[in-house]
Structure formats: structure tokens, C-alpha cells
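Note sheet for the following structure.
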Amino acid sequence: MKKIRFVRLFILLVCFASLNVFGQKREISKQEFSDAYQRADEKTNTLARRIVSKNERYSGGEVRSTENYTSESVPPNKNHTVTEIKLFDTNKSFLIERILVGGDEYKRENGGDWTRRSFSEVSKTPNPITTKAVENSSKYYLTENVQLSNQTANLYELSVENKITMPTRSGAIKESISYRRKEKRWISRDGLLLKMELEDERQELRKSGSRRVWTYEYDPNIKIEAPKMVEQEKK
């Protein structure tokens with residue numbers, strides 16, 4: 001009987017210890033949050049990668065538009081992005097393809113002819129999330145050793161709620177949320193971005209906002225070449 005109790009106690013202690021190591025969410029500083037993302041972003045941009053993004057914009061409880069893209073990058077200066085935009089209010093859709101090779105940008109829309117323009121310098125692909133200036137209501141969190149698609153990662157989160165106070169007809173003060181923002185960033189144990197989520201919500205005349213997800217794949221076999229131009233084919 002004592003042996004059974006000892007075994008049960010041992011199992012409980014192991015489970016408790018695991019909770020302290022895996023999946024424990026704790027608040028961190030803004031600097032720690034920013035530094036972790038900056039390091040991961042710099043390392044990510046040194047590797048050939050594929051980013052798949054899905055974005056929804058909604059208003060009044062309905063999805064008004066979607067913007068989905070697949071972006072492939074090969075350092076130091078090659079990128080191929082295909083973007084599909086759908087506007088449900090006007091029932092219109094657009095397909096935009098863009099290739100950067102060295103100092104040249106090639107672009108076409110809806111499967112049309114390619115156009116080209118040159119740049120003196122092509123910068124790296126911009127960061128998917130640019131954190132806006134946030135108020136004192138911002139909270140930053142870290143959950144270590146979470147599982148994401150059979151990988152172990154650290155999850156960094158940002159939560160923002162900007163509030164306004166308004167008097168009611170009876171004279172009482174009512175507090176309401178005018179803006180809410182949530183970010184999640186999964187960073188692998190070796191310091192690479194794996195996934196990001198962003199949700200914005202604004203409470204104006206009717207609730208509106210957006211939801212966006214980015215997933216990262218790393219593939220050293222990605223190849224990006226300049227497209228054949230119509231003028232070249234005619235020669």
C-alpha cells in the first residue's frame with residue numbers, strides 16, 4: 001500500500017514539475033518581446049523561406065474582403081509573391097504576381113503581361129507585422145516550450161486594449177473598449193519564426209477589424225528567376 005502511494009506521489013510531482021517547464025505563461029517586458037522578434041526576424045531573413053498568409057477584413061459581423069498571398073524569398077535579393085484579393089461587397093477579385101531579382105521588379109496582374117522597372121537597391125521583404133505605437137494597457141507574455149506542428153517553440157503574445165470613458169444619459173460613467181489588438185508569434189528553439197497571428201478590432205459605429213495568419217516554411221531548394229518578357233520572346 002505504501003509503495004502504491006509513493007508511486008502516485010511521484011507521478012504527481014513529475015506532472016507538477018512538467019507544468020513549471022512546459023506551457024507556463026508569464027508576463028514579460030516590452031523590450032524582451034521586441035528583442036526576441038528582432039533576433040528571429042534577422043535570422044529568418046538569412047534563409048530561403050516561404051511565407052503563406054491568410055487575411056480577413058470584417059465589418060458589421062461580415063467578412064468584407066480577403067487577401068491571401070504566398071511569398072518565397074532567397075537571400076540576399078530575390079523574392080516571388082503571388083497575392084489574391086477578393087472584395088465581396090463589389091464581387092471583384094484580383095491576382096497580383098511580383099518578382100524581385102537584384103535591382104529589377106517584375107509585375108503582372110490577373111495573368112497579363114509582365115512589366116519591369118528597376119531600382120537602385122532592392123530591400124529585403126518587409127516584416128509581416130509592424131507593431132504600432134501602443135498604450136500603457138499593453139501586456140506582453142511568453143509561454144515556453146509549446147508544441148506547434150510537431151515542433152517545440154516559444155510563444156510570444158501581445159495584448160492591447162485602448163479604452164475610452166463616456167457619460168451615460170443618467171450621468172454615470174461607462175467604460176468601453178474602442179480598440180483591441182492581439183498578436184501571437186511562435187519562434188522555434190533555434191530562433192526561427194514559425195507562425196504569427198494578428199487580430200485587430202475597432203468598436204466604432206459597428207465592429208470592424210481584421211484577422212491574419214502567417215506560416216513559415218524553410219526550403220533551401222527554392223529557386224527564383226526573372227520571367228521571360230514579351231519583348232524578349234519577340235526577338
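The values are calculated or read from the model by the stated rules, or taken from the named source; none is laboratory data. Everything quoted here is computed from the prediction, not taken from an experiment. When we count neighbours, we look across all protein chains shown, and the Cβ atoms used for this are built from the backbone with ideal geometry, even at glycine.
Some observations on this one:
- Restricting region 64-90 to residues that are modelled with pLDDT under 95 and polar (S, T, N, Q), the residue that is nearest to L47 (Cα to Cα): N77
- Residues in region 91-147 that are modelled with pLDDT of 60 or more, of a type in the set (D, E) and in contact with a strand residue (DSSP E or B) (Cβ under 7 Å, 6 or more places away or on another chain) were compared, and the one that is surrounded by the most Cβ atoms within 10 Å (Cβ to Cβ) is E97.
- Among the candidates I28, I4, residue that is more than 30 Å from D219 (Cα to Cα), over 16 Å from the mean Cα position of the chain (by Cα) and at pLDDT 95 or above: I28
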